[in-house]
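First up is the structure itself, then whatever we jot down about it.
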Amino acid sequence: MDRERKCMWGVALSAGQSEGGYQKGGKGISISDCIPIERDRCFKRYPLPEKDGHYPCQRGVEFYENYADDIRLMKELGVDALRTSFSWARIYPQGDDVQPNEEGLAFYDDVCDELILAGIEPIITLSHLEMPAHLFEKYDGWQNKNWITCYARYAETLFQRYHKKVKYWITFNEMNMALYLPLAVGVGVDRAENKEEAKWQAVHNMLVANAKAIALCRKYSPHARIGSMVAYSPVYPKSCNPRDVLKANDLNRENLAIADVLVRGCYPSFLLHKFQAEQIGIQMTEMERKELYNNRVDFLATSYYNSNVASTSEEDGKAAGNLFGGVRNPYLEETEWGWQIDPIGIRICLRDLYDRYQIPLMITENGMGARDAVEDGGITDDYRIAYLAAHTAEVKKAIEEGVDVIAYTMWSFLDQVSASSGEMAKRYGLVYVDLDDAGKGTLKRLKKKSFFWYQDFLRKK
Ligand code: BG6
């Protein structure tokens, strides 16, 4: 019970999906500003946005203008923590600027001050599917080592500026997305001759950037805790056919390979073997190896939306999911977007990570995307309540079993632009935002039934 109380229970947002304020206050164009609406995973193109296109993140849900009122609502909800991100392009508009944008820094001072005043702990991600588009234009993606210098400068600025306000930092959102949806995290492999090599070089450079950020955080903000994040959806074998089991094992191993380096400070042997066997030549200096080892994360954060199933049979139907899908699990229901709902999976996710790493964990995203309807001035989202009730119950069980969960921040506080599709129709919020896929609406906030459910949950915890 004590451990459960030690866990911060909160909500999550991301700058790129909620803030808007496109080019306001000196902000540069970030890659999220360049994402059009597209039902399917849409991280398919390079920036920049076309003049007349509809790019929903440019407006987001106007957290930039509304943050004070939104934080008042969070206080009313009674959360311990808000996990959100700062916009890299708001602070370094081009990414490779020498000086930061003071207006951007002042904005996040205000956001943190409001949060602290409301008794809400800020948990800040440095880059959540968001980075200056200019970096792409000039240096391509993370496979270029110049990105490391730019990111480290940005990180140093944040730790120097906010060391009195922010006690929890996350270097990257879902780093392993680099393997499945590379463009979303700034990995521009499409133009590379050897795509596989470019991808892993980019991952390595991100890991070095992560290590540099950890070193800088320890220098400027020694009392803060710093971690990084992956998306972990445990993969189950479809049958006890050893081939299915092996396939599930392969996928889980690959999925956690980046977390292995974050936590252990060195590459897992299966990955080194893969590099050798597939002639993937990574530029990795001895100095970088040392940096990885000396700067390991204090905690590991993960998102959890669904589990996956692996099968070697061609005949199984497909299911969608966060990062990658699998075959359909006949025991589970799914959302309209085909993400299968598996509350026990979140407990398995926590067990897997804790058994493997033995360091504190955060669930920084967990929630249900659904089409909510406003009826008689309210939103009766019983399906979301059922989702959250079942998932939080499993998180509590994992904590009782001994897993060290230091935060659970549900996705999301407000409805915001879907990261993968740019839709507003795919809503995750406890608070409805009146905005549609065509960009029409008043942006008025309306508490859903799930808001009151979570408020009650937080009171009782
Ligand atoms: C996670 C991302 O992968 O999934 C979030 O970190 C995202 O930014 C969430 O919003 C849900 O995905 P989507 O595509 O439904 O918004």
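The values are calculated or read from the model by the stated rules, or taken from the named source; none is laboratory data. The structure presented is a predicted model; accordingly, all values stated were derived computationally and were not measured. Methodologically, a virtual Cβ is constructed for each residue, glycine included, from the backbone with ideal geometry; neighbour enumeration extends over all protein chains shown.
Structure data summary
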quantity: Enumeration of residues in the stretch 135-191 that are within 16 Å of the ligand (Cβ to nearest atom) and in a loop (DSSP other than H, G, I, E, B); calculated: Thr171, Phe172, Asn173, Glu174, Met175, Asn176, Leu181, Gly186, Val187
quantity: 3 or more residues within 16 Å of the ligand (Cβ to nearest atom) and modelled with pLDDT under 95: qualifying strands (runs of 3 or more DSSP E) within the stretch 361-461; calculated: none
quantity: Matching option when the condition is in contact with a strand residue (DSSP E or B) (Cβ under 6 Å, 6 or more places away or on another chain) and in contact (Cβ under 8 Å) with a residue 12 or more places away in the chain, among Asn252, Asn241, Asn294; calculated: Asn252
quantity: Single residue of the stretch 316-330 satisfying the filter (within 13 Å of the ligand (Cβ to nearest atom) and of a type in the set (A, V, I, L, M)) that is surrounded by the most Cβ atoms within 10 Å (Cβ to Cβ); calculated: Leu323
quantity: Positions within the stretch 232-266 being closer than 18 Å to Trp200 by Cβ and aliphatic (A, V, I, L, M), in sequence order; calculated: Leu251, Leu256, Ala257, Ile258, Ala259, Val261, Leu262
quantity: Every pair of residues 6+ apart whose Cβ atoms lie under 8 Å, when the first sits in the stretch 155-175 and is β-branched (Val, Ile, Thr) and at pLDDT 95 or above while the second is within 16 Å of the ligand (Cβ to nearest atom) and part of a loop (DSSP other than H, G, I, E, B); calculated: Ile170/Leu126; Thr171/Leu126; Thr171/Ser127
quantity: Residue check, Ser303 touching a helix residue (DSSP H, G or I) at 6+ places or on another chain (Cβ under 8 Å) and among the small types (Gly, Ala, Ser); calculated: no
quantity: Residue in the stretch 237-253 that is hydroxyl-bearing (Ser, Thr, Tyr) and either touching a Phe, Trp or Tyr at 6+ places or on another chain (Cβ under 9 Å) or buried (at least 20 other Cβ atoms within 10 Å of the Cβ) (or both) present; calculated: no
quantity: Ser228 being closer than 30 Å to Ala155 by Cβ and outside any helix (DSSP H, G or I); calculated: yes
quantity: Within the stretch 337-360, tally of residues that are among the charged types (D, E, K, R) and within 16 Å of the ligand (Cβ to nearest atom); calculated: 1
quantity: Identity of the residue in the stretch 280-316, outside any strand (DSSP E or B) and among the small types (Gly, Ala, Ser), that ends up nearest to the chain's Cα centre (by Cα); calculated: Ser307
quantity: The listed residue being of a type in the set (D, E, K, R), over 23 Å from Ala259 (Cβ atoms) and more than 16 Å from the ligand (Cβ to nearest atom), out of Glu291, Glu333; calculated: Glu333
quantity: Lone unmet requirement of (1) within 14 Å of the ligand (Cβ to nearest atom); (2) out of contact with any strand residue (DSSP E or B) (no Cβ under 9 Å at 6 or more places or on another chain); (3) of a type in the set (Phe, Trp, Tyr) for Tyr304; calculated: (2)
quantity: Number of the condition not met by Ala15 [criteria: (1) modelled with pLDDT of 85 or more; (2) in contact with a helix residue (DSSP H, G or I) (Cβ under 6 Å, 6 or more places away or on another chain)]; calculated: (2)
quantity: In the stretch 269-279, residue nearest to the ligand (Cβ to nearest atom) [restricted to those that are crowded, with 16+ Cβ neighbours inside 10 Å and over 24 Å from the mean Cα position of the chain (by Cα)]; calculated: Lys274
quantity: Criterion: more than 16 Å from the ligand (Cβ to nearest atom) and loosely packed, with under 13 Cβ neighbours inside 10 Å - qualifying residue of Thr285, Thr312; calculated: Thr285
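Residue by residue, here is whether (1) among the aromatic types (Phe, Trp, Tyr); (2) surrounded by fewer than 22 Cβ atoms within 10 Å (Cβ to Cβ); (3) touching a helix residue (DSSP H, G or I) at 6+ places or on another chain (Cβ under 8 Å); (4) over 30 Å from Leu262 (Cβ atoms) holds:
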residue: Arg347; (1), (2), (3), (4): no, no, yes, no
residue: Asp352; (1), (2), (3), (4): no, yes, yes, no
residue: Asp355; (1), (2), (3), (4): no, yes, no, no
residue: Thr364; (1), (2), (3), (4): no, no, no, no
residue: Glu375; (1), (2), (3), (4): no, yes, no, yes
residue: Asp382; (1), (2), (3), (4): no, yes, yes, yes
residue: Lys396; (1), (2), (3), (4): no, yes, yes, no
